[in-house]
1. Within segment 167-206, restricting attention to residues that are β-branched (Val, Ile, Thr) and modelled with pLDDT under 90, which residue is nearest to residue 152 (Cα to Cα)?
2. Look through segment 252-267, keep the residues that are among the β-branched types (Val, Ile, Thr) and either within 8 Å of residue 241 (Cβ to Cβ) or exposed (fewer than 13 other Cβ atoms within 10 Å of the Cβ) (or both), and return whichever of them is modelled with the lowest pLDDT.
3. Which of the residues belonging to segment 131-160 are under 20 Å from residue 100 (Cα atoms), small (Gly, Ala, Ser) and free of Cβ contacts under 8 Å to residues at least 60 places away in the same chain?
4. Which residues, taken from segment 332-372, are closer than 17 Å to residue 204 by Cβ, of a type in the set (S, T, N, Q) and in a loop (DSSP other than H, G, I, E, B)?
5. Tell me, which residue of segment 10-41 that is in a helix (DSSP H, G or I) and without any contact (Cβ under 8 Å) to a residue 12 or more places away in the chain is nearest to residue 54 (Cα to Cα)?
6. Hey, can you tell me all the residues within segment 165-176 that are surrounded by 15 or more Cβ atoms within 10 Å (Cβ to Cβ), assigned to a loop (DSSP other than H, G, I, E, B) and within 23 Å of the chain's Cα centre (by Cα)?
7. Search segment 42-92 for residues being more than 30 Å from residue 29 (Cβ to Cβ) and hydroxyl-bearing (Ser, Thr, Tyr), and hand back the single one that is modelled with the lowest pLDDT.
Amino acid sequence: MPKLSYRAPKYAYHKASGQAVVRINGKLVYLGPFESKESKDRYKQAVTKWADDQDRQTAAVAVVAKSAPESSTTLVELLAEYLDHAETFYVKNDKPTSMVPIIRRMLRLWREMFGAVLVRDIRPSHLKQLQARMVKEGQSRSYINKLTTYSKAMFRWAVENDLCPTLTWQGLLAVRGLAKGRSKARETEPILPVADATVDATLDHLPDVVADMVRFQRATGARPGEVCTIRPKDIDRTADVWLYRPLSHKTEHHERSRTIAIGPRAQEILLPYLLRAPDAYCFCPRESEARRHADQRENRKSPMTPSQEARKPRRRPRRSAKERYSKDSYRRAVARAVELANEARKETSATPVPPWHPNQLRHSLGTEVRQRYGLEAAQVVLGHAKANTTEIYAERDVRLAIEIAKKIG
């Protein structure tokens, strides 16, 4: 768009040609012999066209200025817009992802602290005050840094959609995450592999289906959600090692494929669960509940009364088992089994079973593969795009360092 000017172009004499000229938007327009009626008529036409162009540009600038981020938009209005975006953007399989509740908590903090502030007046100090509040509330450093990153992403989206000045977002980029040991924020314990003895002590207190889910995950290194959603149709069984390609996985929005190799041990665990419809979930809570009720009837000490035998299932029970486990119900089942194991151990004064969760099984396999086959092999098995992510899951094997220290230390 040409630069706006508030002075009309001048009628001038071009010495080399002897013609009248006018300069419009940096270009010379020849009008004819200088001081002739023809040249003056052409000059009036050129200036009139130039004035019309200036009016259109002025109107366009006014429209842009009316909707520009430098207007009187308040932060609470931006937060409402971003929530609408998040609820439609963070969706997988027509359901909101776990990002939506996190985004809601972040927006609530911004609204409570700075809701009435104009978007254009947001400064890096506001984000640092947000961090300080979370530290005071006892939030972990990793959680605070996560919300700090998401806050910057929100303002980047606002700039992209003409809701925020670019300088506001660029200023927030200068705010760093909290460094370990350099703040009063609470530190979280790293997720470590779970010992096989701990898993074995838990298996006896798990339903058979969930116990097989644990065994399968330990053998394959699949994510908990990938274990819950496995179906016969998702498995290629044409070779000795089966290949499981989940219908949905954690990094699919990055356009990355995910293939899980299923070896002989995992195949043996999974084989009984493949005798079903191709699109049915292998690990089904309904089957698990049916088995549990059957075991209860078989182990019943007192005979059933006629009224109990005649009792029919409720048509609309308050809670009914679903078609598949979720990663949360899977985790809760493991936590409950740990509690049952520890209740049984109280009677013998045995060492309690430490609490653990299914994602630690990935750490266990990652560590084992790294020790035996190297970091790259662990990266492939766990399905990581970057080796530094694998290093979080696969604990470093210190045995090699010990052997070297014995020789040269």
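1. Only one residue tops the list, namely 188.
2. So, considering only residues that are among the β-branched types (Val, Ile, Thr) and either within 8 Å of residue 241 (Cβ to Cβ) or exposed (fewer than 13 other Cβ atoms within 10 Å of the Cβ) (or both), the one modelled with the lowest pLDDT is 259.
3. Those that are under 20 Å from residue 100 (Cα atoms), small (Gly, Ala, Ser) and free of Cβ contacts under 8 Å to residues at least 60 places away in the same chain: 140, 142, 151, 153.
4. Result: 348, 351.
5. 41
6. Result: 175, single match.
7. The selected residue is 67.
Condition check ((1) surrounded by 14 or more Cβ atoms within 10 Å (Cβ to Cβ); (2) of a type outside the set (Lys, Arg); (3) over 24 Å from the mean Cα position of the chain (by Cα)) across all residues:
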| site | (1), (2), (3) |
| --- | --- |
| 90 | yes, yes, no |
| 98 | no, yes, no |
| 102 | yes, yes, no |
| 109 | yes, yes, no |
| 119 | yes, yes, yes |
| 127 | yes, yes, no |
| 131 | yes, yes, no |
| 140 | yes, yes, no |
| 147 | yes, yes, no |
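The values are calculated or read from the model by the stated rules, or taken from the named source; none is laboratory data. Every value quoted in this text rests on a predicted model; they were computed, and no experiment measured them. When we count neighbours, we look across all protein chains shown, and the Cβ atoms used for this are built from the backbone with ideal geometry, even at glycine.
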